[in-house]
Every structure is written in structure tokens, then in C-alpha cells.
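Report on the structure given below.
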Amino acid sequence: MSPYRETADVAIPELAGLQRRFLLIGAAGAVVSLLGAFLNLTQFLQSYLMAYMLCLGVTLGSLALGMVHQLSGGAWGVVLRRPIGAATRVLPVMTLLFLPIALGMHRLYSWTNADLIAHDELLQHKHLYLNTPFFLVRAAIYFLVWNTITYFLNAWSLEQDRNPDPRIARRMQHLSAGGLLGYGLMITFASFDWLMSLEPHWFSTMYGVLIMGGQGLSAMAFLIATVVWLSRRPPLDRIVATSHFHDLGNLMLAFVMLWAYFSFSQYLIIWAGNLPLEIGWYLHRSHTSWRLVAVGLIVFHFAVPFVLLLSRAVKREPSLIVKVAAWILIVRVVDLFWLIAPEFHQTGISVSWLDVVLPLTLGSIWLGCFVWQLRGRPILPVHDPEFEETLGPIIERGAPPRPSHG
Amino acid sequence: MAKPSAIYGLMAEFDEPTTLVAATQHAHREGYRCMDAYSPFPIEELHEALGAHHTRLPLIVLIGGLCGCIGGYGLQDWASAMAYPINVGGKPLHSWPAFIPITFECTILAAALSAVLGMLALNGLPMPYHPVFNVPRFALASRNRFFLCIEARDPKFDVEGTRRFLETMHPREVSTVAG
């Protein structure tokens with residue numbers, strides 16, 4: 001079992017080069033993006049918010065999936081645990097990367113404008129919640145909660161690598177139960193603060209779970225892509241079996257449906273209520289050229305992945321499911337674009353080059369940090385309480401039957 | 001194909017699931033196709049070892065689901081836009097967003113029903129008589145024994161030859177299944 005006890009750095013030597021390459025692309029992108037910030041700071045911040053929410057979504061979605069697996073168990077999660085851990089350990093970097101949003105909030109959020117509040121009674125009432133100091137304090141609380149959960153889960157996971165004491169696993173389960181609740185509450189308020197308040201008059205109680213479902217989907221797609229990459233080289237090529245991809249594909253299908261369910265429910269509730277205060281958000285998204293993006297999301301964010309993931313053959317073939325996962329990450333960006341950009345360009349579709357450069361830049365920096373974190377620990381959690389049961393027989397038997405080999 | 005119908009097949013009994021899978025794979029390599037394996041619990045590899053053939057069930061479920069989808073939507077459209085055109089909240093008579101939840105429910109209902117009924121139609125259950133129960137020890141298939149039965153209708157089947165072949169895999173016992 002030795003290759004699974006070595007750190008990933010030793011077992012998979014190409015990770016070091018990969019990390020360097022991602023960080024180089026990220027650095028180059030950062031230079032170009034900063035140029036964009038000088039040319040048009042407001043546009044830079046909009047695109048930055050979109051890119052930031054994507055990367056944060058993969059980070060926090062991984063944290064949530066990791067906690068769900070602590071509570072539910074299952075072979076799907078045992079092979080994901082280390083990529084999940086590495087993704088959550090990017091959270092401190094994401095905390096730092098929130099700074100541009102905090103510093104530029106006066107250009108993003110119209111409720112920070114005192115003149116506007118003076119002429120708007122509704123915003124005066126909302127001022128108790130939507131004001132700059134409280135916004136910053138809340139952000140600090142969110143990051144404190146998420147970072148605390150991440151820190152302890154990862155520290156205990158490291159302890160578990162050295163010490164097979166089952167009490168460590170119990171401790172992680174207890175934290176995960178409370179942690180999921182904490183994550184859910186914090187992301188609900190964070191999505192209200194950072195995204196929903198872009199249009200300060202509008203509100204939707206569905207918004208928090210809509211963002212949460214999106215984060216779960218982004219994380220699932222990213223983790224599937226990672227596991228496919230890992231399964232193509234030693235040591236995981238002998239471990240990750242077709243049935244794992246099948247399970248992960250089913251979970252991704254569930255998240256695609258969950259996203260569609262939340263998105264549609266929000267629309268249905270507002271459409272049925274038909275109240276002037278609520279429908280505005282949908283009006284400029286459905287009566288201008290933004291309508292194309294809305295229809296595009298229904299087709300490409302729901303229908304296409306849904307039909308593809310129904311197929312057993314797609315879910316069991318790593319080279320196909322990785323394409324679906326990559327596609328989902330792309331439409332996730334479009335979904336965030338649809339949530340953010342129409343607030344700034346109410347008359348119709350407007351795409352800036354920064355909407356492309358910033359997701360690539362932040363994504364590369366994120367990936368660089370992810371690979372860096374992945375390198376430091378063994379690629380499989382050998383003392384996971386389910387390790388023997390789920391992976392033991394595969395390890396004993398040697399190479400699992402993989403259709404691609406025969 | 002003109003085999004005496006008195007024999008349904010030959011059945012080998014194994015102690016371990018792994019030996020059953022190995023024996024099934026071996027039999028499949030030897031060219032046997034009309035066979036079935038019996039185990040007290042599902043064994044994933046067994047499905048492929050038997051030369052998993054694709055069933056028509058997914059297609060039946062898909063068609064059922066589509067019928068439910070179209071039927072559910074059509075029923076609501078007919079009821080609210082044609083049969084009883086009542087103005088509700090000033091909304092158009094044909095208000096598709098309101099139809100989606102029930103359309104979805106009908107899709108699931110019809111797909112689930114066609115899965116259950118289609119499964120029963122394809123596998124022939126409930127089946128009051130099956131020859132494998134003529135072997136008294138077969139009752140152990142629901143406890144701790146694993147069985148591989150090669151059926152007489154297989155073109156490669158030959159009472160002596162197949163028995164010799166099964167014996168090479170060291171089963172506990174090879175029994176003749178009366179038809």
C-alpha cells in the first residue's frame with residue numbers, strides 16, 4: 001500500500017510543474033487584468049466579482065461536499081477526500097482575494113451611495129442592514145466561520161493519516177454536522193450581501209440556496225475533472241474504478257437538477273406573485289437581449305447536461321464525463337455572469353474582455369494553489385473508516401477492470 | 001438446438017462469490033451464452049461476466065416519461081386554456097410556468113410506473129414455476145451459496161461436455177436441472 005502513503009508530491013512528480021505553470025499563467029493574467037483595472041475600474045470589479053464567486057464556489061462547494069461525505073459516507077467520497085481537502089485549503093487565499101471587492105464596494109453596490117439613499121425611502125429602511133461597516137463585519141464573520149471549519153477538518157485529517165484512532169473520524173463527523181449548518185447560514189447571508197444587494201430593492205428568499213446549489217455543482221464538476229486526471233496516472237490508475245465515475249456522474253446529475261429546480265422555483269414564485277418590487281429583476285433579464293442568455297442557460301446549463309448525464313455510458317467513461325464536467329464549469333461562469341452583469345448593463349447584453357480574462361486569471365491562481373495544497377499530503381486517506389471496505393478489495397486485486405484497457 | 005427438453009440445464013454450486021465470478025467469466029470465454037448466475041446478494045462484476053446485454057428497459061422508461069411529460073402538460077393546457085378558460089390574476093390562459101411542476105410530477109410518475117411494469121413484463125415475474133428450483137440445494141442461493149446454471153438451450157450445451165467443463169472449476173457439486 002506504500003504508494004498511497006507517500007505524499008502526492010512523490011507519487012505524482014508532474015504536479016510541481018503543473019503548479020508552476022498555473023501560477024505563471026495566473027501572474028500573466030493578473031498583469032493584464034490590472035491594466036484593465038486602470039482602463040475601467042467599475043468593469044474590472046464586476047468581472048472580478050463574477051470570477052471570484054466562481055472560485056469561491058468551487059472552494060466552499062468542496063467544503064460542503066466534504067462535510068456531506070463525512071456524514072453520509074460512501075465510496076465516491078473516499079477517492080475525493082484529498083482533492084476536496086486541497087480545494088478547501090485554498091480558502092485562506094480566497095479570503096485575501098476578497099480585498100478588492102471590499103475596497104471597491106462603493107463602485108459595485110449602489111446602496112453605499114449616500115445621495116441615492118437620501119432620495120430612496122426603501123433604501124433608508126434597509127440601511128440598518130445594508131451599510132458599509134456592517135457589510136464588512138459580516139464578511140469577516142463569514143470568512144471566520146468557513147476558515148475555522150476548514151482549519152479543523154484539515155488538521156484532523158492530517159492527524160488521521162498518522163493515527164488510525166477512530167475517535168478522530170467521530171470528531172470530524174461532529175464538526176461536519178454543525179459545519180454544514182454554519183456553511184449554509186453563512187453562504188445564504190453572503191449571497192444576499194455580495195450578489196443580491198447589487199439590486200438593493202430586490203429580494204428573493206430562494207437566492208441563498210440557489211447560490212449554494214451552484215457551488216455544489218461547480219465543486220462536483222471540478223472534482224470529477226480532477227479525479228479523471230488523477231485516474232490516468234499512477235498510483236490512482238489502479239484504484240479509481242468505473243463504478244466511482246458512475247456514482248460521481250449521478251451526483252453531478254443530481255446537482256444539475258437541483259440548480260434547475262432552485263432557479264425555476266425562484267422564477268415561478270416571483271412570476272406567480274407578480275409584485276412590482278420583485279419582478280424588476282426578471283424584467284430587464286427577460287425583455288432585453290439578456291433573454292438570449294436566459295434561454296441559453298435553460299438549454300445549456302440544464303437540458304444538455306441533464307440529457308447527457310442520463311446516459312449510463314457517459315457516466316462510466318472517464319473521457320466523456322470529464323468533457324461534461326468541463327462544460328458545466330463553463331456554463332457556471334455564464335450563470336454567474338447572468339446574475340451579476342445585467343445589474344450594470346440593464347439595456348442589453350454587454351460582454352467585456354475582462355469577463356473572459358478575469359475568470360481565467362483567478363482560475364489559474366486558484367488551480368496553482370490547489371495543486372500546491374494537493375502535493376503536500378498522501379493522495380488517499382488510508383485511515384478513513386471506510387477505506388478498507390471501499391478500496392481494500394480493489395487494492396488487493398490489483399488493477400480494477402477498466403473498459404478502456406480491454 | 002434439438003435437445004431433449006427433459007433437461008433444463010446443468011448447475012454448479014460454489015462457496016465463494018469470487019469463484020462464481022471467475023467461473024462465469026470462464027464459461028463466457030468458452031462461448032456459453034445461455035446461462036445465469038444466482039447469488040444471495042448483488043455482485044457487480046457478475047453482470048459483466050455474464051456478458052451484460054442491454055435491456056430495453058431504459059427505452060421503455062424514456063418513452064413512459066415522455067408520455068407523462070406531454071400528457072401532464074397537455075392536460076393542464078386543455079383544462080385551463082380550452083375547457084375552462086378562467087382568468088386568474090390577469091395572467092394569460094396558457095401560462096406555461098404554472099404548468100411546469102405538474103408536468104414534472106407526471107413525467108416522474110409515468111417513468112416510474114413504466115419502469116416497474118416494464119421490468120415485470122421483461123423478466124416475466126411473477127413466475128410461479130422455474131426449473132432451477134427442481135434442484136433441492138438451490139434453496140441455499142438465498143443464503144450462502146453461489147450457483148451458475150448453463151442452460152440446455154445454449155448451442156454449445158452438451159450434457160457430458162458441459163458437465164466436464166463445469167467440473168474443471170472445482171465446484172462443490174454439479175447437478176442436472178430437470179426441465
Could you do me a favour and compute the accessible area per residue for the protein assembly as shown, 1.4 Å probe, result in Å²? 48
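With Kirkwood's inverse mean 1/r over C-alpha pairs for Rh, give me the Rg to Rh ratio of segment B:57-122, two decimals please.
1.15
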In sequence order, what are the phi-derived ³J(HN,Hα) couplings for segment A:263-280 according to the Karplus relation 6.51 cos²θ - 1.76 cosθ + 1.60 with θ = phi - 60°, rounded to whole Hz, with x for glycine and proline? 4, 5, 4, 4, 5, 4, 5, 6, 4, 5, x, 6, 9, x, 5, 9, 6, x
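Where in segment B:98-135 are there chymotrypsin sites (Phe, Trp or Tyr not before Pro) that are in a DSSP coil and have at most 15 other Cβ atoms within 10 angstrom of their Cβ?
Values: sites: B:Phe99, B:Phe104, B:Tyr129, B:Phe133; in loops: B:Tyr129.
Qualifying residues, ordered by number: B:Tyr129.
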Mind grabbing the base-10 log of I(q)/I(0) for segment A:155-201 at q = 0.22, 0.27, 0.30 Å⁻¹? Debye formula, identical points on the C-alpha positions, no solvent, two decimal places. -0.75, -0.90, -0.97
Point-charge dipole on Cβ atoms (K/R +1, D/E -1) for segment A:80-175, about Cα centre, debye to 20: 560
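Once you list every other residue whose beta carbon is under 15 Å from the beta carbon of A:Arg170, what net charge do they have if Lys and Arg are +1 and Asp and Glu are -1? It would help to have the intermediate numbers written out before the result.
Details: positive: A:Arg167, A:Arg171; negative: A:Glu159, A:Asp165, A:Asp384, A:Glu386.
Result for the local shell: -2.
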Expressed as a whole percentage, what fraction of the accessible surface of segment A:36-104 belongs to carbon and sulfur atoms when a 1.4 Å probe is rolled over the protein heavy atoms? 77
Expected field for A:Cys55, accessible surface area in Å² at 1.4 Å probe radius, rounded to 10, holds 10
Projected onto the charge dipole of chain A (unit charges on the beta-carbon of Lys, Arg, Asp and Glu, signs +1, +1, -1, -1), the Cα from A:Tyr183, A:Leu309, A:Tyr109 with the largest positive-side position is that of A:Leu309
Mind checking which of B:Pro128, B:Pro136, B:Pro40 has the largest fluctuation in a GNM of chain B, springs on alpha carbons under 10 Å? B:Pro128
Given Cβ point charges of +1 (Lys, Arg) and -1 (Asp, Glu) and nothing else, what value in debye, to the nearest 20, does the dipole of the protein assembly as shown about its Cα centre take? 580
So for R0 = 60 Å, FRET eff. of A:Ala102-B:Ile102 from the Cβ-Cβ r, to 0.05, ends up at 0.85
What is the percent carbon and sulfur in the accessible area of segment B:57-122, measuring with a 1.4 Å probe over the protein chains and ignoring ligands? 82
Using the Karplus equation 6.51 cos²θ - 1.76 cosθ + 1.60 (θ = phi - 60°), what ³J(HN,Hα) coupling, rounded to whole Hz, does each residue of segment A:214-226 give in order, writing x for Gly and Pro? x, 5, x, 5, 4, 5, 4, 5, 5, 5, 5, 4, 5
Once phi is turned into ³J(HN,Hα) by the Karplus curve 6.51 cos²θ - 1.76 cosθ + 1.60 with θ = phi - 60°, what whole-Hz value does each residue of segment A:9-20 show in order, with x for glycine and proline? 3, 7, 6, 10, x, 6, 4, 4, x, 4, 4, 4
Taking the full set of protein chains and a 1.4 angstrom probe, give the accessible area of B:Phe138 in square angstrom, rounded to the nearest 10. 10
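Partner chain Cβ atoms within 10 Å, averaged over the residues of A:160-166 - can you pull that number for me?
Values: counts 0, 0, 0, 0, 0, 0, 0.
For peptide A:160-166, the averaged partner shielding equals 0.
With N denoting the number of residues in segment A:176-265, provide Rg(C-alpha) divided by 2.2 N^0.38 Å, to two decimal places. Don't jump to the answer; show the numbers that get you there.
Numbers: Rg = 16.7 Å, N = 90, 2.2 N^0.38 = 12.2 Å.
This ratio for segment A:176-265 stands at 1.37.
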Can you sort B:Lys91, A:Lys323 by solvent-accessible area, 1.4 Å probe, largest first? A:Lys323, B:Lys91
With a 1.4 Å probe, how much accessible area is buried between chains B and A, both sides summed, in Å² to the nearest hundred? 900
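Hey, what does the equivalent ellipsoid look like for segment A:259-400, semi-axes from the Cα gyration tensor as sqrt of 5 times each eigenvalue, largest first, whole Å?
Details: eigenvalues 311, 85, 46 Å².
Working through the eigenvalues yields semi-axes of 39, 21, 15 Å.
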Compactness index (Cα Rg / 2.2 N^0.38 Å), segment A:1-158: 1.33
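For chain B, give the magnitude of the charge dipole about the Cα centre (Cβ charges: +1 Lys/Arg, -1 Asp/Glu; no others), in debye to the nearest 20. All intermediate terms of the calculation are to be shown ahead of the outcome.
Working: 13 positive and 16 negative charges, 61 e Å.
Roughly 300 debye for chain B.
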Largest to smallest accessible area among B:Val21, B:Val88 [probe 1.4 Å]: B:Val88, B:Val21
Using only Cα atoms, find the angle between the long axis of helix A:41-72 and the longest principal axis of chain A, and express it within 0 to 90 degrees, rounded to the nearest 10. 40
Which angle between 0 and 90 degrees, to the nearest 10, do you get for helix B:57-77 versus the longest principal axis of chain B when only C-alpha atoms count? 10
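Can you sort A:His127, A:His119, A:His106 by 1.4 Å-probe accessible area, starting with the largest? Present the calculation step by step, with values, prior to reporting the outcome.
Values: A:His127 80, A:His119 165, A:His106 110 Å².
Order by accessible area, largest first: A:His119, A:His106, A:His127.
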Amide H to amide H under 5 Å from B:Gly9: which residues, 5+ apart in sequence or cross-chain, H placed 1.01 Å off N in plane? B:Ala152, B:Val177
Output the residues of segment B:45-92 meeting this criterion: accessible area (heavy atoms, 1.4 Å probe) in the chain alone minus accessible area with all protein chains in place is 30 Å² or greater. B:Glu45, B:Glu48, B:Lys91
Taking every C-alpha to C-alpha distance in chain A and binning by 10 Å from 0, the per-bin percentages run 4, 22, 32, 25, 12, 4, 1, 0
Rank A:Val331, A:Val31, A:Val79 by mean-square fluctuation in a GNM of chain A with C-alpha springs under 10 angstrom and give only the top-ranked residue. A:Val31
Per-residue Cβ counts within 10 Å, from other chains only, averaged over A:264-274: what number is that? 3
How much accessible surface area, in Å² rounded to 10, belongs to the heavy atoms of A:Asp355 with a 1.4 Å probe? 20
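The values are calculated or read from the model by the stated rules, or taken from the named source; none is laboratory data. Since the model is a prediction, treat every value here as computed from it, not as a measurement. Quick reminder, even Gly has a Cβ in these numbers, built from the backbone with ideal geometry, and neighbours come from all protein chains shown. Areas reflect the complete protein model, heavy atoms only, side chains present, ligands, DNA and RNA absent. Shrake-Rupley method; radii C 1.70, N 1.55, O 1.52, S 1.80 Å.
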